[in-house]
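Everything on this sheet refers to the single structure shown next.
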């Protein structure tokens, strides 16, 4: 017998087709006694998934294999207690879902949870389980973590196995996880990360001035205060414009094009063939993806090559890059379409830095502005994920959690 139970869904975090009984882990390992919830893009043997869209759920057959990352967590002893809502086909950062409803951000009531891993973040804001599994293509772990006051990670691209997980834009797709506590955040790392770590201790910190310039004055001031308070833990900050001779707008536009060109291959064919009912914003993005040309993609890939060269020159082992996770606090739930598109573009100008480069990035629950959480981010060197997780633990005394 087990006393593990499905928690009450006080944050509308779980899909309507949620599990009715826990999926129990191995009973042994570093995560024994911990419960977690899984974003609805990871395969679980014997179950269907929706990718945030009920038409897809009605069409798809039950899966025959469990995602590698999910199985690793089960093998480490953790128990699954929920399947979480996400933005449709992961193509948004707001966290809204026109079909299943928007999960509630209990740490910023009346405001968005952030997406696309919205249900996973909302479940953590409600403390419904110990940790949650999300995914991050263009910010889908980092932004909800910032808005909901959580620890979150986008690992080095490729270090967490995405076998048997539904793709969006494979050259950007990563797994990622959320916690409320720094120690557990770090404990999960060795369970999911492959052996391709690059050792190092942060000895140099570059503060990305063009990224901080994107933040609202209140966010910028609050995050700078955290950096000042943690000065004895962090290397001395050195200002640098990360985009160099480019601009972050150029980087973001290239990311948008490459992401759309890959969505055109992964999810657009199914959406068009099955005439899927898509919610507002998602519908328009799929329509945009359909128009992306090979020439646009070629030009965007040339920008990505420049970004990678620039970032790999900056993020050498022992060097971390510091930036706001998001430039704003969570937008209100009733924000208009124009405001949301501005939020999306301005935010992805920051999130595309790790996306293009494939570098690991953590966000920590650093402070609050107007009663709403805001995250502070650190980007590391390739394979420097473990060093970033250690840094999160070292910085925990200076965080809101």
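Given the structure, is residue 221 loosely packed, with under 15 Cβ neighbours inside 10 Å, at pLDDT 95 or above and either on the phi < 0 side of the Ramachandran plot or in contact with a helix residue (DSSP H, G or I) (Cβ under 7 Å, 6 or more places away or on another chain) (or both)? Give the steps one after another, and end with the answer.
On the way: loosely packed, with under 15 Cβ neighbours inside 10 Å: yes; at pLDDT 95 or above: yes; either on the phi < 0 side of the Ramachandran plot or in contact with a helix residue (DSSP H, G or I) (Cβ under 7 Å, 6 or more places away or on another chain) (or both): yes.
Criteria met by residue 221.
Could you identify the single residue in 149, 139 that is touching a strand residue (DSSP E or B) at 6+ places or on another chain (Cβ under 6 Å) and at positive phi?
Working: 139 fails: touching a strand residue (DSSP E or B) at 6+ places or on another chain (Cβ under 6 Å).
Just a single option satisfies the conditions, and that option is 149.
Are any residues in region 268-300 modelled with pLDDT of 95 or more, within 17 Å of residue 93 (Cβ to Cβ) and either in contact with a helix residue (DSSP H, G or I) (Cβ under 8 Å, 6 or more places away or on another chain) or buried (at least 17 other Cβ atoms within 10 Å of the Cβ) (or both), and if so, which ones?
Our first condition is that a residue be modelled with pLDDT of 95 or more; within region 268-300, this holds for 268-279, 282-300.
Checking the rest, the ones that are also within 17 Å of residue 93 (Cβ to Cβ) come to 278-279, 282-286, 288-289.
Residues satisfying the conditions are 278, 279, 282, 285, 286, 288, 289.
Do we find that residue 120 is in contact (Cβ under 8 Å) with a residue 24 or more places away in the chain, more than 22 Å from residue 148 (Cβ to Cβ), in contact with a strand residue (DSSP E or B) (Cβ under 7 Å, 6 or more places away or on another chain) and crowded, with 23+ Cβ neighbours inside 10 Å in this structure? Working first, answer last.
On the way: in contact (Cβ under 8 Å) with a residue 24 or more places away in the chain: yes; more than 22 Å from residue 148 (Cβ to Cβ): no; in contact with a strand residue (DSSP E or B) (Cβ under 7 Å, 6 or more places away or on another chain): yes; crowded, with 23+ Cβ neighbours inside 10 Å: yes.
It is false that residue 120 is in contact (Cβ under 8 Å) with a residue 24 or more places away in the chain, more than 22 Å from residue 148 (Cβ to Cβ), in contact with a strand residue (DSSP E or B) (Cβ under 7 Å, 6 or more places away or on another chain) and crowded, with 23+ Cβ neighbours inside 10 Å.
Within region 303-326, track down each residue that is surrounded by fewer than 17 Cβ atoms within 10 Å (Cβ to Cβ) and either within 30 Å of residue 55 (Cα to Cα) or touching a helix residue (DSSP H, G or I) at 6+ places or on another chain (Cβ under 8 Å) (or both).
If the condition is that a residue be surrounded by fewer than 17 Cβ atoms within 10 Å (Cβ to Cβ) and either within 30 Å of residue 55 (Cα to Cα) or touching a helix residue (DSSP H, G or I) at 6+ places or on another chain (Cβ under 8 Å) (or both), then 308, 312 are the ones that fit.
Tell me whether region 226-233 contains one or more residues that are within 27 Å of residue 335 (Cα to Cα) and part of a loop (DSSP other than H, G, I, E, B).
Residues of region 226-233 that are within 27 Å of residue 335 (Cα to Cα), as a first pass: none.
Checked against the condition, which is being within 27 Å of residue 335 (Cα to Cα) and part of a loop (DSSP other than H, G, I, E, B), region 226-233 yields no hits at all.
Quick check: anything in region 244-265 touching a residue at least 40 places away in the same chain (Cβ under 8 Å), more than 25 Å from residue 307 (Cβ to Cβ) and out of contact with any strand residue (DSSP E or B) (no Cβ under 6 Å at 6 or more places or on another chain)?
Taking every residue of region 244-265 in turn, none turns out to be touching a residue at least 40 places away in the same chain (Cβ under 8 Å), more than 25 Å from residue 307 (Cβ to Cβ) and out of contact with any strand residue (DSSP E or B) (no Cβ under 6 Å at 6 or more places or on another chain).
The values are calculated or read from the model by the stated rules, or taken from the named source; none is laboratory data. Since this is a predicted model, take the numbers as computed values, not measurements. We place every Cβ from the backbone using ideal geometry, glycine too, and count neighbours over all the protein chains shown.
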